[in-house]
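The values are calculated or read from the model by the stated rules, or taken from the named source; none is laboratory data. Note that this is a predicted model, so its numbers are computed, not measured. Cβ atoms come from the backbone with ideal geometry, glycine included; neighbour counts cover every protein chain shown.
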Amino acid sequence: MRKYVIMGVQGSGKGTQSELLAADLDLVHISVGDIFRWNVTNHTKMGAQVHRLMAAGELVGDDLAESVVQRRLAEHDWNFGFIIDGFPRNARQAEFFLESYDIDGVIHLDLPDSEVRRRVFGRRLCVNCGMDYNLLADSPAVPGRCDSCGGELVTREDDTAEALAVRLRGYHEKTNPVLDLFRRKEYVITVDARPAKDIVQQEIRTRLGLPPVKPSGGAGER
Ligand code: ADP
Ligand code: ZN
């Protein structure tokens, strides 16, 4: 059983790296942002509650974020473990998390703010399956269409200059202290997030002492 937290600024590739790791190690990837976005897209009551805050780049309330995580982990569909992305994001959430779950490692994807803007503004999301694209690195075969399901690719509502500035500030003010807290417990490996995604993935595995990316098939496919 392996339990990981993945952290990094907006656009650092948390979603991409989590998916690669989860697919290969049979981990469940839990993205708190994806859960909120799903609720917004599907017009649930929770979606209505969080929509405005998210679009503005603000964090939703801790009580709600914590209950989302608690409920998701209570499904216990993670026989081989999980990798959680987007949580904890501040000191209170970190305290809640450490009280409830013991973790094996924290993957910190390190990316300078200058690179964040470039990546975030090139990001597109499939409305249908949620797959993430970056027009700079992996543009789809048919422009504007998802490679895996044909769904329409759109920009995330919070990938505007204004909302990004709020999110980045929030990250540096609230989430960086969480990283310091985890560092004191010696959980953290910091990986340079600038190289191509396969290189970053390989580095994560090396640093965590995990088997290397398979040369063909699955997450190792090029
Ligand atoms: P990013 O890390 O790129 O800002 P995410 O997709 O992880 O984006 O999250 C999108 C939004 O969802 C956040 O800006 C915030 O409004 C909300 N959110 C996600 N995780 C949390 C959390 N742990 N606590 C509060 N709000 C959250
Ligand atoms: Zn799709």
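Key figures for this structure:
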| read-out | value |
| --- | --- |
| Residue match in the range 9-30 (condition: under 15 Å from the mean Cα position of the chain (by Cα), within 16 Å of ligand 2 (Cβ to nearest atom) and β-branched (Val, Ile, Thr)) | yes |
| Scan of the range 99-132 for residues that are more than 17 Å from residue 200 (Cβ to Cβ) and within 14 Å of ligand 2 (Cβ to nearest atom), ordered by number | 124, 125, 126, 127, 128, 129, 130, 131 |
| From the options 157, 186, residue that is modelled with pLDDT under 95 and within 13 Å of ligand 1 (Cβ to nearest atom) | 157 |
| Answer residue from the range 121-149, given it is modelled with pLDDT under 90 and of a type in the set (Gly, Ala, Ser) and is surrounded by the fewest Cβ atoms within 10 Å (Cβ to Cβ) among those | 137 |
| Of residues in the range 100-146 being among the β-branched types (Val, Ile, Thr) and out of contact with any Ser or Thr (no Cβ under 8 Å at 6 or more places or on another chain), the one farthest from residue 188 (Cα to Cα) | 142 |
| Selection count, the range 82-111, where residues are surrounded by fewer than 17 Cβ atoms within 10 Å (Cβ to Cβ) and over 15 Å from the mean Cα position of the chain (by Cα) | 9 |
| Enumeration of residues in the range 30-80 that are of a type in the set (Gly, Ala, Ser) and part of a loop (DSSP other than H, G, I, E, B) | 57, 61, 74 |
| Set 119, 167: member being within 16 Å of ligand 1 (Cβ to nearest atom) and within 27 Å of residue 98 (Cα to Cα) | 167 |
| Subset of the range 38-52 [buried (at least 16 other Cβ atoms within 10 Å of the Cβ) and of a type in the set (A, V, I, L, M)] | 40, 46, 50 |
